[in-house]
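Have a look at the structure below before the remarks.
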Amino acid sequence: ISGKITNLIGIGESGIGVSLVNDLTGDEYTATTGLDGSYSFPGLESGSFTVIPEQTEFNTVSPASKNVIVTTDSVRKVNFKVYSLCTKTLITIPFWGTTDSTVNIIGSFFGTTPAPDDTSTVAVTLYDGTTTSVAPGVYFGTNDPSSWVKATVDYWSPVYITAKVPVLALRVVRVWVVRPGLSACITNSPLNFFINTNQ
């Protein structure tokens, strides 16, 4: 039995645990998805098995499980989709450009129109499980929010944002779009939006 766990745009999700349970004996095997989201359980005997992907605090994998019948010399592909539960922070876009460039960010849903109120805050959960609070907006920086520099937003709609680059990026940095909400989290998952610049 082998397969892939991918996000909504077909990119593999690495580091997700997968369990395989022999329905007759109850024996359980485990694997972890690789860089391309693939996993495998080679050398299985014939029988009925249940494949169960790991559900995390920030992601849900669908379906929750799949039953598979394995026969002699058979190969079964069992794929899953992962959905991010981090609905309040949209990340990440690599960027390389100059200060005061106009950045056009196009996405699936950025929420509020016009640009969110700077006096409000969004709680962001970091990779290590700690949280910090930032005002909604567009930021340039690394995965560490303490490095973020806020950009001036010229236009904000649910699917399109234009902002002025706040820092000279002589190396690749990332653009983070933080929208209002109750909670947010930082993940590695690419999302279905892209960036371009007008110098």
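The solvent-accessible area of D118, taken with every protein chain present and a 1.4 Å probe, is close to 100 Å².
Listed by chain and number, the aspartates and glutamates whose alpha-carbon sits under 18 Å from that of K150, ignoring those within fewer than 8 places in the same chain, are D100, D117, D118. Taking all protein chains as shown and a probe of 1.4 angstrom, I1 keeps an accessible surface of around 20 Å².
The values are calculated or read from the model by the stated rules, or taken from the named source; none is laboratory data. Since this is a predicted model, take the numbers as computed values, not measurements. Accessible surface is based on the protein model in full, side chains and every heavy atom, while ligands, DNA and RNA are left aside. Shrake-Rupley method; radii C 1.70, N 1.55, O 1.52, S 1.80 Å.
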